[in-house]
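J.: Sharing a structure here in structure tokens format.
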Amino acid sequence: IPGWMAVSGLLGDADGELDYFQASNPSESGTIPPQVLQAIWPNLREDSRIKLQQQSLSMLLKNSAYSQIASKINWVIIDCIPALPILKGARKYIEQWDVVWLRVILDESLDIIAGSKLSDIDRYMSPLGYRRLTITESYHPAVGEALYSKDWKQCLLPRLNALEETKN
């Protein structure tokens, strides 16, 4: 799609080396050990493990070829669990996004991965001015996607009220 750019990398809330687990279901490969995910997928197993460099999204955007376009990004897709460390690693960039699509744990009784549940994401996104628009289940009912949109009215109303008060 013209004007769109896909970026792939190991992202989190800090820079450093992490274990990356390759799971028997490639869709569930990541920094979470597959045995932890067996609460959702009982037959999931670890095929291999490698060390990879993780970086925060803010560092990726600041120190790379993407720095020229970082201020123009307004749609973000985070297709992994947990999404919260990546959101936290975005730092100032999250303030400019209009739409955020995230993979989340929908089953609130599954407290297996910090920062992965829908309620974790809601608590983080709401004070930043985002409103959850919808959730959808994925191929497993405990896992899904959440779509958030910046509530510009909520973000700008305090500023507009302050301007009105200075006029009076």
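The values are calculated or read from the model by the stated rules, or taken from the named source; none is laboratory data. Just so it is clear, the model here is predicted, and its values are computed rather than measured. Heads up, the Cβs are rebuilt from the backbone with ideal geometry, glycines too, and the neighbour counts pull from every protein chain shown. These accessible areas exclude ligands, DNA and RNA; they are computed on the full protein's heavy atoms, side chains included. Shrake-Rupley method; radii C 1.70, N 1.55, O 1.52, S 1.80 Å.
J.: Give me the accessible area of R49, 1.4 Å probe, in Å² rounded to the nearest 10.
T.: 120
J.: Here is a follow-up. Whole Å is fine, so just give me how far the alpha carbon centre of segment 140-168 lies from that of segment 25-57.
T.: That distance is 34 Å.
J.: For helix 152-167, report the angle its Cα long axis makes with the longest principal axis of the Cα atoms of the chain; keep it between 0 and 90° and round to the nearest 10°.
T.: 20
J.: For the chain, what % of the accessible area comes from carbon and sulfur atoms, probe 1.4 Å?
T.: 53
J.: Sticking with this one: Rg over Rh of segment 1-47, using C-alpha atoms and the Kirkwood radius, what does it come to?
T.: 1.11
J.: Residue by residue through segment 91-99, which ³J(HN,Hα) values in whole Hz follow from phi under the Karplus form 6.51 cos²θ - 1.76 cosθ + 1.60 (θ = phi - 60°), with glycine and proline marked x?
T.: Each residue's phi maps through the Karplus curve to give 6, 5, 5, 4, 5, 9, 6, 9, 10 Hz.
J.: Sort 147-160, 72-85 by the packing proxy (mean of other Cβ within 10 Å over each peptide's residues), most packed first.
T.: Per-residue Cβ counts within 10 Å, averaged per peptide and sorted highest first, yield 72-85, 147-160.
J.: A further question on this structure: Could you pull out every one of the lysines with an alpha carbon less than 30 Å from that of K117, ignoring same-chain neighbours closer than 8 positions?
T.: List returned: K51, K62, K72, K88, K92, K150, K153.
J.: So how much accessible area does S109 have, in Å² to the nearest 10, using a 1.4 Å probe?
T.: Accessible area, nearest 10 Å²: 90 Å².
J.: Sticking with this structure for a sec: For the chain, what is the mean residue ellipticity at 222 nm derived from helices alone (per DSSP H run of n ≥ 4: -39500 (n - 2.57); sum divided by total residues; nearest 500 deg cm²/dmol)?
T.: Only helices count here, giving -6500 deg cm²/dmol.
J.: Can you tell me the accessible area per residue over segment 1-75, all protein chains present, probe 1.4 angstrom, in square angstrom?
T.: Result: 65 Å² of accessible area for each residue.
J.: Same structure, new question: When only Cα pairs under 8 Å and 6 or more residues apart are kept, what is the percent relative contact order across segment 10-168?
T.: 19
J.: Also: Starting from 0 in steps of 5 Å, tell me what percent of the Cα-Cα pairs of the chain lands in each bin.
T.: 1, 8, 15, 19, 18, 16, 10, 6, 3, 2, 1, 1, 0, 0
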